[in-house]
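These notes are about the structure you will find just below.
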Amino acid sequence: MNTARILLRSQCVRCLAPFARTTHLQAVLSNGGLAHCSLGLSSTGVQQVHRAFHASSRYDKNQPVPSTLRGSEEDGNKDKSLVAHDDLFERAGKEAKNKATFNKVVEVFNKRDVRRRGHVEFIYAALKKMPEFGVERDITVYNKLLDVFPKEVFVPRNFIQRMFNHYPRQQECAVEVLEQMENHGIMPNVETKVLLVQIFGPKGHPVRKYQRLMYWFPKFKHANPFPVPHELPADPVDLARFSLTRIANDMDTRVTVYQMPYTDITETGEEVQEPHIVGIQSPDQQALLAKHNPSKPVFVEGPYPLWLRRTCVYYYVLKADPVPPEEKVEEYMDLELVGPQQSIHYPLWIDMDLQRDMGDDFSFNVDDVEEGAIYAMCMAGQGDQVTLARWIAGLQETNPILGRIPTVFRLESGPRELQDLTEPQRPPGADMEAEHSSEPDHVMDQQLGGQRVKQ
């Protein structure tokens with residue numbers, strides 16, 4: 001029985017010999033596979049045939065690759081390696097960093113490969129370089145970056161793919177583009193929506209981010225009653241006007257330019273740059289200053305910082321000490337007198353003691369904190385005493401009482417008016433502490449237009 005099986009198997013193997021791919025395999029199959037079979041006697045004396053190993057059709061593909069071919073393939077892989085995307089922008093920005101140069105780099109990347117391989121890394125590098133090229137607030141550039149994504153490749157085909165965040169890396173990159181637009185206050189347009197739908201489909205995460213932006217941006221775009229322009233005035237005088245008007249927040253205030261910046265030539269022929277001096281004062285402040293006690297001094301204090309986006313400006317104030325409690329004169333409102341700005345049903349002043357909880361702190365109240373009255377404010381190109389004394393002298397024209405009131409300058413170190421955000425800031429009192437530690441305190445009386453000035 002076993003002999004019949006062996007003969008039948010050898011015949012079947014000979015039939016497969018013409019279909020073998022190699023000569024070695026054909027020789028093995030033509031012999032019936034007996035060359036690879038070993039015949040032995042078992043303990044019972046019956047011959048047993050061990051099965052041979054069958055070679056598959058992938059036999060030739062597993063052959064070792066020659067060294068000559070391997071070297072050429074490695075050289076080809078090196079030639080196809082992608083260039084660092086940051087280097088593309090650096091090389092393109094050597095001549096000029098503007099919108100045309102940035103768009104040119106994007107077009108070069110789009111034409112390099114049809115499949116847009118490495119597009120995620122390129123978009124991240126482009127987002128980082130946009131402020132250097134000055135295109136961080138251009139909606140057309142953002143749409144051009146979104147156009148780098150391959151179209152209709154990342155669209156989910158069923159609800160399971162949408163559930164498990166189909167192509168998460170690409171969707172996160174597109175959301176990062178929209179978040180940078182949101183940070184710079186750029187509202188997407190119809191072209192942005194069309195690109196996102198073509199790339200990720202109508203149910204993708206970037207499309208939902210776009211829908212949230214279009215819902216909330218119109219609601220909060222004009223919510224700030226005191227908006228700051230994105231491009232601040234380059235002229236220091238115009239910037240001082242804008243800053244002082246923003247601080248005062250009073251329609252009756254009047255901005256006065258006491259001195260324009262100019263260049264003065266001394267007797268020795270040396271050029272001296274004179275700073276600008278811009279001040280602001282309201283009629284109410286003039287009335288308070290006219291009631292000030294001439295025997296008590298007023299103080300010039302500063303500088304105080306004011307941030308306008310990425311620019312910091314400094315201003316100075318003319319103020320007085322708080323009025324002592326024994327000198328206060330309380331003014332009560334007569335509830336029987338109803339003026340044009342009052343109403344019987346909605347009075348402007350109500351004497352009401354609101355109840356408090358037992359856990360409230362009665363020792364301190366924000367409304368009870370008293371400060372001195374502020375009579376005027378100014379911004380100057382230099383924060384020294386000589387420059388601010390010219391401001392006080394200019395205030396005497398509209399406030400004659402300043403000629404009889406002593407003025408004390410309590411100034412800290414005078415920084416520059418314009419200061420970049422990237423530069424380190426020194427503490428305001430660093431220079432003054434060094435001067436006070438080396439020199440004794442002194443008081444200097446100076447007559448400026450009939451006014452006594454103390455330092």
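Worth pointing out:
- Backbone HN-Hα couplings from phi across region 161-167 [Karplus 6.51/-1.76/1.60, Hz, Gly and Pro as x]: 5, 5, 5, 9, 6, 4, 6
- With N the number of residues in region 88-220, Rg(Cα) / (2.2 N^0.38 Å) evaluates to 1.06.
- Going from the residue with the fewest nearby Cβ atoms within 10 Å to the one with the most, R116, R309 rank R309, R116.
- Net charge, K111 excluded, C-beta distance under 15 Å - Lys, Arg +1, Asp, Glu -1: +3
- Across region 98-108, coupling constants 3J(HN,Hα) worked out from phi with the 6.51/-1.76/1.60 Karplus curve, θ = phi - 60°, read 9, 5, 5, 5, 5, 5, 5, 5, 5, 5, 5 Hz, and Gly and Pro carry x.
- Couplings 3J(HN,Hα) for region 216-227, derived from phi with the Karplus relation 6.51 cos²θ - 1.76 cosθ + 1.60 (θ = phi - 60°), are 8, 4, x, 6, 10, 5, 10, 6, 7, x, 10, x Hz, where x marks Gly and Pro.
- Per-residue Cβ neighbour rank within 10 angstrom, fewest leading, C312, C378: C312, C378
- Residues whose placed amide H lies under 5 Å from that of L308, excluding near-sequence neighbours: V313
Just so you know, all these numbers are worked out from the coordinates, no wet-lab data involved. Keep in mind that this is a model prediction, so the values were computed, not measured. Every residue, glycine as well, gets a Cβ built from its backbone with ideal geometry; the counts of neighbours run over all protein chains shown.
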